[in-house]
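Student: Here you go, one structure.
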Amino acid sequence: MRTIVSAAAAVLLALACCAVAGAADVSVTLEGNIVCAKCTLKVEGVDKCQTVLLVKNAAGADVQYWLARNAVAETYGEVCTDIKPVTVTGSIEEKDGRKWIVATKIDPRQAPGAD
């Protein structure tokens, strides 16, 4: 009986580990504004332009998703002092206490109230 319980626990642990490992591969789509961590947000310790996606959470506070540098991000370009409304599709990772989004697609969208 102990062998069966131990084997079942091992299988559940393995499945849980696989689920956590695969979580970074899940694609999400977020709407928000991209800004520069250095120029707009004035984040301490950031000494060169870095794009950040600001997304409102349920409480209305901004959640920062740092945009990982890849071909998609490079094609979109840097925003520096601009604030651009966008829809970003990609996978989320946590690194160094920050949420990062590895973009597979960035689409500009119209700012609310702009016609």
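Student: So which pairs qualify, if the first residue must be in segment 23-43 and charged (D, E, K, R), the second must be surrounded by fewer than 13 Cβ atoms within 10 Å (Cβ to Cβ) and not in a loop (DSSP other than H, G, I, E, B), the Cβ gap must be under 6 Å, and the two must be at least 6 apart or on different chains?
Tutor: Matching pairs, first to second residue: none at all.
Student: Can you list the strands (runs of 3 or more DSSP E) found entirely within segment 57-115 that contain at least 2 residues being in contact with a Ser or Thr (Cβ under 7 Å, 6 or more places away or on another chain)?
Tutor: Hits in segment 57-115: 84-95, 98-108.
Student: Just to be sure, is Leu13 surrounded by 17 or more Cβ atoms within 10 Å (Cβ to Cβ) and either modelled with pLDDT of 95 or more or on the phi < 0 side of the Ramachandran plot (or both)?
Tutor: Judged against the criteria, Leu13 is not a match.
Student: Output the qualifying pairs, or none if there are none: Cβ atoms under 6 angstrom, residues six or more apart or on different chains, first residue in segment 58-78 and within 15 Å of Glu31 (Cβ to Cβ), second residue in a helix (DSSP H, G or I).
Tutor: Pairs found: Leu67/Ala73.
Student: Counting only residues that are farther than 11 Å from Ile34 by Cβ and surrounded by fewer than 16 Cβ atoms within 10 Å (Cβ to Cβ), which one in segment 81-91 is farthest from the chain's Cα centre (by Cα)?
Tutor: For segment 81-91, the residue satisfying everything is Thr81.
Student: Would you be able to tell me the number of residues in segment 85-101 that are closer than 14 Å to Gln50 by Cβ and β-branched (Val, Ile, Thr)?
Tutor: 1
Student: Can you pull out the residues in segment 26-56 that are surrounded by 14 or more Cβ atoms within 10 Å (Cβ to Cβ), not small (Gly, Ala, Ser) and not in a strand (DSSP E or B)?
Tutor: Of everything in segment 26-56, those that are surrounded by 14 or more Cβ atoms within 10 Å (Cβ to Cβ), not small (Gly, Ala, Ser) and not in a strand (DSSP E or B) turn out to be Lys38, Cys39, Thr40, Leu41, Val43, Val46, Cys49, Gln50.
Student: In addition: Could you grab the pairs with beta carbons closer than 7 Å, sequence gap of 6+ or different chains, first residue in segment 87-108 and within 14 Å of Glu31 (Cβ to Cβ), second one aliphatic (A, V, I, L, M) and outside any strand (DSSP E or B)?
Tutor: Ile101/Ala68; Ala103/Val72; Ala103/Ala73; Lys105/Val72; Ile106/Val72
The values are calculated or read from the model by the stated rules, or taken from the named source; none is laboratory data. Keep in mind that what you see is a predicted model, and the values were worked out from it rather than measured. A quick note on method: Cβ atoms are made from the backbone with ideal geometry, for glycine too, and the neighbour counts reach across all protein chains shown.
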